[in-house]
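> One structure, pasted below without further comment.
The values are calculated or read from the model by the stated rules, or taken from the named source; none is laboratory data. Everything numeric here is computed off the predicted structure, so don't read it as measured data. Using ideal geometry, Cβ is built from the backbone for each residue, glycine included, and neighbour counts are taken over all protein chains shown.
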Amino acid sequence: MDFSFTEEQTLLAESVSRFMRNDYPFAERRDNVQSELGFSAAHWKTFSDLGWLALPFAEEHGGFGAGAVEMTILLEEFGKGLVIEPYVATVVLAGGALKHGGTPAQQAAYISRITDGSKQGALAFAEAQSRFNLADVTTTASRDGDGFVLNGSKSVVLNAPNADFIIVSARTSGTQLDEVGVSLFLVDVGTAGLSMRSYPTVDAFRAAEVEFTEVRVGADALVGNEGQGFAILEQVIDDGIVAVGAEAVGCMEVLYKDTVEYCKTREQFGQPIGKFQVLQHRMVDMFIEYEQAKSLPYMAAMRLDEGYGQAAQKAASAFKVQVGKSGRFVGQNAVQLHGGMGMTDELNVGHYFKRLTVIDTLFGNVDHHLKRFGGL
Amino acid sequence: MRTSPADARLRDEIHAFVASHWPGFDRQVQTDISGVDNAYRDAWFKKLFLGQWALAAWPEASGGLGWSMARQAMWDNACAKVDAPRMAMRPGVSFVGPALLAWGSRGQMDRFLPPIRDDSCAWCVGIVEPHQVVGMDIRTIATELEDGVLVNGTKGWVRAAERANWMFTLARVRTSAAVKDHYVGLLVDLRADGITIEAPQRAGPGDRIANVRLDDANVPMSCVIDFGLQSDEPTDRLWARFLDHEHRIVCNTAGQHQRLNLLRERFENGIGEHLSEQLDAAEIQLQAIEAMEVAHHAGSADELSVESAVLRVKRAELVQDVAWLQVQSFAYYAVSDTNELLLDNEGPIGPEGAAGAINDALMASMWVTYLADHRDKLAKQLGIVDEHETTHIIAKTTADNRPE
């Protein structure tokens, strides 16, 4: 197994890393979080200009046809800078659903608008009762002439407040927990009957509870075949796992390094606190956890790139379990070793802790993926 | 080993009082945007002051009932069971009063105890400082003047500072010659010049914490408590009391039972076997802590004892675990943010308590921080390391760690 980067991959890593270092200062990020949009439109334009928004899409749609490994490289750097732009929601989730299941017409109409930065998307897959089960869908889509009528509520739809379109899972047949009978629909946000209640998330993104009341869409809104949406959803979410998992690895690296740096300089009782052996061992354990998580995204990405199937699913779940465990350990210890300073805005430890904790929850926590791994 | 008939009677009496006087919690009416239910809390405490409950832990000679630790725990647990505000949320009664009784001058007691007894003065307690990582490390400096001290420094994790009139705090003394190696307690009028209360934020359900900055704040000698140079014992004890006091709010065992039960009820279906096992494991850990508490209260109940230190460590770790389980249980809803949400009046997103669960987990992790020195102290108390060994975290104050 070759773990070394190709020349293109190395160039990508360097370019993202340079951007994060030079053009993504934390103070500016804080201002952007507090702005009405919640992120920087200028950065989003830059992401488009640099081709990052086009990375995973096919060349015929203006993309670069890059694989999961390239996404991992990008997202790990995003994690280090705590990027607040809705990349995962728009490109990986909404874009991913179109990539894996969209009709040629949908792909032609929407993917080029994602890559040029003019459209934002969201994927509405969770419901109040569903926890992490993608097949647990009570939102319904009933046949209505040529089209469908959607009714139901979706929970914690990431980036919905900024989205131009939402891809939503709804049941066209079967009972609440059936995998067969889940369909995906592309709904433009202006469509009558679609309403939402927006709110910020603890990691400073935006989300909404989205309500569908007698929302009428045409047959051309169907993403993938009727009743076959679950398989698309599963693949998109596994892509999402590798993406946010890579981000988590970036977060852990920053937390580990920051903590070591802090403990070397922060003096208490007449010496740097890093001199206390009990704290040294904790930092070594943080490093051990980070190391364990670090290589797994590439393993999972390679499996995804080899073709989607059971091996890729198992790798994604394994990665998510490790990221959850390592992230908790690294996050909690970083907070503890920073003491009261961890809570202040001049140090970012609290922000990284929150993002890591959210990532543990996104797309299934440790328990969920342990169980899925065992069942695959 | 059994509960005495008198204690059993008192327990029934406490439960009856709480049941008939605490009206329960109606979030719609009582919660302001910070999540702090001030009006309700005040009404509740008023009832406690009217009866003799508020001062029950004080010695009889000072107007209290002289309750033992075991009896105080009964009270705390009865309140936690129905989510009534804890006595520790009136720190004048639960912390400052007893500290004055232990270390204050006659004049200080005469001046400050009456307004605490009739609840006419609100106190907060500022002991820890934002830079602290392990153990007590006070860098707030009190420079001696002719008729008082000039105080500079910042206190962190001060509960309800924005609603307090006075703050009990701790500083190190500086004379014109050098920093002397001893602490003083300070009774600080928060309306005085040089006091700034910075950025209050939510610290778990129903409370807010803030930093309190002192810039050249003048404190008259009548408001200085001198612990003297002779021994570290008073300040060690004060620090231990502060930690225990905070624990009465954040780590109360009945409160943790309550949280675990709520989690179980809410997520009875579909939380998964593993999560359910973790709830069980936390419950068992909690029972072990409760058993330790009962034994501890029946014994010396000394805040500097080995048992006290073990309890503190285990309580804080349990709270961290329960906070984490809470996040796991809420699934996606844990990611919504509280503070902003309460600005609209449509109620919370997702199940109650979900928004803010991750903030609570962060706070719980931070709280473990202040116990990092406990293992080190325990190693000495248990004779695992020599009392005079110098590699431990808490070196006693030496010339080397004098603040600038």
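> Do you know which residues across the range A:266-282 are charged (D, E, K, R) and more than 7 Å from chain B (Cβ to nearest Cβ)?
A:267, A:275, A:282
> Out of A:358, A:330, which single residue is within 30 Å of residue A:276 (Cα to Cα), crowded, with 21+ Cβ neighbours inside 10 Å and touching a helix residue (DSSP H, G or I) at 6+ places or on another chain (Cβ under 6 Å)?
A:330
> Which members of the range A:256-265 meet the condition of being away from chain B (no Cβ under 12 Å) and touching a residue at least 24 places away in the same chain (Cβ under 8 Å)?
The answer is A:256, A:258.
> For residues that are surrounded by 16 or more Cβ atoms within 10 Å (Cβ to Cβ) and of a type in the set (Ser, Thr, Tyr), scanning just the range A:107-137, find the one that is modelled with the lowest pLDDT.
A:130
> Out of all the residues in the range A:115-128, is one or more closer than 20 Å to residue A:66 by Cα, of a type in the set (Ser, Thr, Tyr) and touching a residue at least 40 places away in the same chain (Cβ under 8 Å)?
yes
> What number goes with the only condition from (1) at pLDDT below 90; (2) under 23 Å from the mean Cα position of the chain (by Cα); (3) within 14 Å of chain B (Cβ to nearest Cβ) that residue A:356 does not pass?
Result: residue A:356 fails condition (1) only.
> Residues in the range B:341-350: is at least one at pLDDT below 90, more than 30 Å from residue A:374 (Cα to Cα), in contact with a Ser or Thr (Cβ under 9 Å, 6 or more places away or on another chain) and more than 8 Å from every other protein chain (Cβ to nearest Cβ)?
Yes, some residue in the range B:341-350 is at pLDDT below 90, more than 30 Å from residue A:374 (Cα to Cα), in contact with a Ser or Thr (Cβ under 9 Å, 6 or more places away or on another chain) and more than 8 Å from every other protein chain (Cβ to nearest Cβ).
> Moving on to the next point. For residues in the range A:52-79 being surrounded by fewer than 23 Cβ atoms within 10 Å (Cβ to Cβ) and in contact with a Ser or Thr (Cβ under 8 Å, 6 or more places away or on another chain), which is nearest to residue A:242 (Cα to Cα)?
A:63
> Can you confirm whether residue A:22 is out of contact with any helix residue (DSSP H, G or I) (no Cβ under 6 Å at 6 or more places or on another chain), surrounded by fewer than 12 Cβ atoms within 10 Å (Cβ to Cβ) and assigned to a helix (DSSP H, G or I)?
Taking the combined requirement at face value, the residue satisfies it.
> Okay, next question. Do the conditions hold for residue A:142, that is, is it closer than 18 Å to residue A:193 by Cβ, within 14 Å of chain B (Cβ to nearest Cβ) and in a strand (DSSP E or B)?
Criteria not met by residue A:142.
> A follow-up question, please. Are any of the residues in the range B:96-116 in a loop (DSSP other than H, G, I, E, B) and touching a Lys or Arg at 6+ places or on another chain (Cβ under 6 Å)?
no
> Could you tell me which numbered condition residue A:92 fails, if it satisfies all but one of (1) part of a helix (DSSP H, G or I); (2) more than 13 Å from the chain's Cα centre (by Cα); (3) farther than 17 Å from residue A:355 by Cα?
Unmet for residue A:92, out of (1) part of a helix (DSSP H, G or I); (2) more than 13 Å from the chain's Cα centre (by Cα); (3) farther than 17 Å from residue A:355 by Cα: (2).
> Keeping to the range B:91-133, report how many residues are within 14 Å of chain A (Cβ to nearest Cβ) and either under 19 Å from residue B:162 (Cβ atoms) or touching a strand residue (DSSP E or B) at 6+ places or on another chain (Cβ under 7 Å) (or both).
Within the range B:91-133, residues that are within 14 Å of chain A (Cβ to nearest Cβ) and either under 19 Å from residue B:162 (Cβ atoms) or touching a strand residue (DSSP E or B) at 6+ places or on another chain (Cβ under 7 Å) (or both) number 6.
> Going by the conditions given, is residue A:336 within 11 Å of chain B (Cβ to nearest Cβ) and out of contact with any strand residue (DSSP E or B) (no Cβ under 9 Å at 6 or more places or on another chain)?
For residue A:336, the condition - within 11 Å of chain B (Cβ to nearest Cβ) and out of contact with any strand residue (DSSP E or B) (no Cβ under 9 Å at 6 or more places or on another chain) - is met.
> While we're on this one: Based on what the data block shows, is residue A:328 within 14 Å of chain B (Cβ to nearest Cβ) and either part of a helix (DSSP H, G or I) or among the charged types (D, E, K, R) (or both)?
Yes, satisfied.
> In the range A:24-48, what residues are hydroxyl-bearing (Ser, Thr, Tyr) and under 19 Å from residue A:95 (Cβ atoms)?
Selection gives A:46, A:48.
> In addition: Restricting attention to the range A:95-131, which residues are closer than 16 Å to residue A:235 by Cβ and in a loop (DSSP other than H, G, I, E, B)?
A:102, A:125, listed by residue number.
> At pLDDT 95 or above, aromatic (Phe, Trp, Tyr) and more than 21 Å from residue A:75 (Cα to Cα), is that true of residue A:87?
For residue A:87, the condition - at pLDDT 95 or above, aromatic (Phe, Trp, Tyr) and more than 21 Å from residue A:75 (Cα to Cα) - is not met.
> Give the residue, chosen from B:216, B:232, B:207, that is modelled with pLDDT of 85 or more and either of a type in the set (Asp, Glu) or in contact with a Cys (Cβ under 7 Å, 6 or more places away or on another chain) (or both).
None of the others qualify; the one that does is B:216.
> While we're looking at this one, here's another question. Quick one: which residue in A:36, A:28 is within 17 Å of residue A:85 (Cβ to Cβ), assigned to a loop (DSSP other than H, G, I, E, B) and of a type in the set (D, E, K, R)?
A:36
> Step by step: first the residues of the range A:202-222, then only those that are closer than 18 Å to residue A:144 by Cα and buried (at least 22 other Cβ atoms within 10 Å of the Cβ), then the one that is nearest to the other protein chains (Cβ to nearest Cβ). Which residue is that?
Ranking the qualifying residues of the range A:202-222, first place goes to A:212.
> Out of the residues in the range B:262-288 meeting the condition of being within 9 Å of chain A (Cβ to nearest Cβ) and either surrounded by 16 or more Cβ atoms within 10 Å (Cβ to Cβ) or within 17 Å of residue B:317 (Cβ to Cβ) (or both), tell me which one is modelled with the highest pLDDT.
B:278
> Next question. With the requirement that a residue be of a type in the set (Ser, Thr, Tyr) and part of a helix (DSSP H, G or I), what does the range B:322-337 give you?
The answer is B:329, B:332, B:333.
> Residue A:322 - would you say it is in contact with a Leu (Cβ under 7 Å, 6 or more places away or on another chain) and either not in a helix (DSSP H, G or I) or not small (Gly, Ala, Ser) (or both)?
So residue A:322 fits the description; yes.
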